[in-house]
Amino acid sequence: MSFSSTLAQISSDKNDQVIELPTGWAQGRAFFGGFSAALAAQFLRQQFSDDYHLRSLSLSFVAPAEPGEAQLSYRVLRQGKSVIQVAVELQQQGDVMLAGLASLGKARQSQVQVAGETPPDLKTVNDGPGLPEADIVPEFAKNFDYRITSGGMPFSGQPGRTFGGWVRFRDEQQPLSTAAILALVDAWPPAVLPHLDKPAPASSLTWTIEFPDLPLQDFSTHDWFQYEAFIEHAGDGYGHSRAGLWSDQGQLIAISRQTFTVFA
């Protein structure tokens, strides 16, 4: 089942929905976390008016999900004149797999206008390699194209603070959505993996991502997007990084911050 057809299972104006998580998106033994996050975001977007832009989403990956039935539910914590605060969960067999807090807000007139941060120099899609066709590459990653132009290849023993390049969906050609942005950002492995000289497990623990209000219909999931993560600190089996996702023309599309685990 494709990314877009999985999202299409979600109904509008309906809480406590049951959907099917597809095969072909494994991240080690678990379901790709970026896809779980994407489903939560799409679910929320379809429960509220389009006037309410999803401004921020904070997620905890509580337990590894797996293909099969899953339930999406939400609870409004507070609704003001412009902002709705919502809790969202994805459960399987009664257990929470993913929990999140979302802030949805209407646009307001403001004297404050600051342009989004511009991307670093990530060269071009022709200036870096993609991920190799190897067993070490997670199954879900085969749904994306990558070009690594910042930092080294995962497990190459090349330490540094930055990691990224270019990314797009390999086969999907749909209008860009907030759900697709989540998948594109989380498609990148934790930024510490180039530090390692042999494979080791690593995954996101918590994730906060914010979305400038842009006309996403101007973009396609098959467009190339620029991504770079910066390691702020790593040690004791955990790391902390910030990242950005930009269009090929340098428009800031998402601002990301993650805490991740690494078992090496």
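We did not get these values from a lab; they are worked out from the coordinates using the rules stated. Everything quoted here is computed from the prediction, not taken from an experiment. FYI the Cβ positions are ideal-geometry reconstructions off the backbone, even for glycines, and counts take in every protein chain you see.
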Using a 7 Å offset from the Cα along the Cα-to-Cβ direction at both LEU216 and GLN111, what is the distance between the two label points in nm, to one decimal? 3.3 nm
How many angstrom lie between the C-alpha centres of the stretch 19-60 and the stretch 135-170? 22 Å
In whole Å, what are the extents of the stretch 122-240 along the principal axes defined by its C-alpha atoms, from largest to smallest? 41, 30, 27
What distance in nm separates the two pseudo spin-label positions at SER58 and ARG78, each 7 Å out from Cα along the beta-carbon direction? 1.3 nm
Before anything else, pin down the relative contact order of the chain: Cα pairs under 8 Å, at least 6 apart, normalised by residue count, whole percent. 18 percent
Mean residue ellipticity at 222 nm from the helices of the chain, using -39,500 (n - 2.57) per DSSP H segment of n ≥ 4 over the full residue count, to the nearest 500 deg cm²/dmol? -3000 deg cm²/dmol
Selected from GLN251, GLY116, SER220, residue furthest toward positive end of dipole (the chain; charges at beta carbon): GLY116
For the stretch 1-145, what does the alpha-carbon gyration tensor say about shape, rounded, prolate or oblate, given a ≥ b ≥ c as the root eigenvalues, a/c under 1.5 as rounded, and a/b over b/c as prolate? oblate
Contact order normalised by residue count of the stretch 112-264, Cα under 8 Å, 6+ apart, percent: 24 percent
Lysine pairs in the chain with Cα distance under 25 Å, only those 8 or more apart or on different chains: how many are there? 5
Magnitude of the charge dipole, the chain, Cβ model with Lys/Arg +1 and Asp/Glu -1, debye to 20: 620 debye
Once fully extended, how much extra length lies between ASP95 and ALA8, figured as 0.36 nm per residue of separation less the alpha-carbon to alpha-carbon distance? 29.0 nm
